[in-house]
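Worksheet for the structure shown next.
The values are calculated or read from the model by the stated rules, or taken from the named source; none is laboratory data. Values in this document were obtained by computation on a predicted structure and should not be read as measured data. All Cβ positions, glycine included, derive from the backbone under ideal geometry; neighbour counts span all protein chains shown. The accessibility values were calculated without ligands, DNA or RNA, using every heavy atom of the protein model including side chains. Shrake-Rupley method; radii C 1.70, N 1.55, O 1.52, S 1.80 Å.
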Amino acid sequence: MSISLTESAANRVRSFLSNRGKGEGLRLGVRTSGCSGMAYILEFADVINDEDTVFEDKGVKVIVDGKSMVYLDGTELDFVKEGLNEGFKFNNPNVSNECGCGESFTV
């Protein structure tokens, strides 16, 4: 089981955490949502719970709850800039389909 970050994503998360001044790392999860069924959750984590799995990559802790791990195993988180747009991109090998707007996915 693994979750990884590109150098670009790790730099961005480290910068956010530094500016924020606190936090254990980045919490990555999924929830039921959207037209394809599942959507990603990305937020700062101030607490690591007993049921969480913690991955450390490039100096950043990525925290995943047990229910989400099934859907996220092997995911690489990237941070991309495309023209005027920038944001995190999920390279998830478990995804079988995505909705047209890119907001949700199916495993």
From DSSP H assignment alone, runs of 4+ in the chain each adding -39500 (n - 2.57), the sum over residues rounded to the nearest 500 puts [θ] at 222 nm at -6000 deg cm²/dmol
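For the range 30-83, with only Lys/Arg (+1) and Asp/Glu (-1) charged at the beta-carbon, what is the dipole magnitude about the Cα centre, in debye rounded to 20?
200 debye
How would the range 41-102 be classified by its alpha-carbon gyration tensor: rounded, prolate or oblate, with rounded meaning a/c under 1.5 and the a/b versus b/c comparison settling the rest? Provide the component values of the computation, followed by the final result.
On the way: a/c = 2.15, a/b = 1.40, b/c = 1.54.
Oblate, because a/c is 1.5 or more while a/b does not exceed b/c.
Using the 2.2 N^0.38 Å rule of thumb for compact globular proteins, work out how the chain stacks up: its C-alpha Rg over that value, please. List each step's numbers first, then the result.
Working: Rg = 13.6 Å, N = 107, 2.2 N^0.38 = 13.0 Å.
For the chain, the normalised Cα radius of gyration is 1.05.
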Residues whose modelled amide H sits under 5 Å from the amide H of SER33, counting only those 5 or more places away in sequence or on another chain, are MET38, ALA39
In whole Hz, the Karplus estimates of ³J(HN,Hα) for the range 59-70 (6.51, -1.76, 1.60; θ = phi - 60°; x where Gly or Pro) are x, 10, 7, 10, 10, 10, 6, x, 5, 7, 4, 4
Share of accessible surface on carbon and sulfur in the chain, whole %, 1.4 Å probe and ligands ignored, is 45 percent
The size of the Cβ-based charge dipole (Lys, Arg +1; Asp, Glu -1) of the chain about the Cα centre, to the nearest 20 debye, is 280 debye
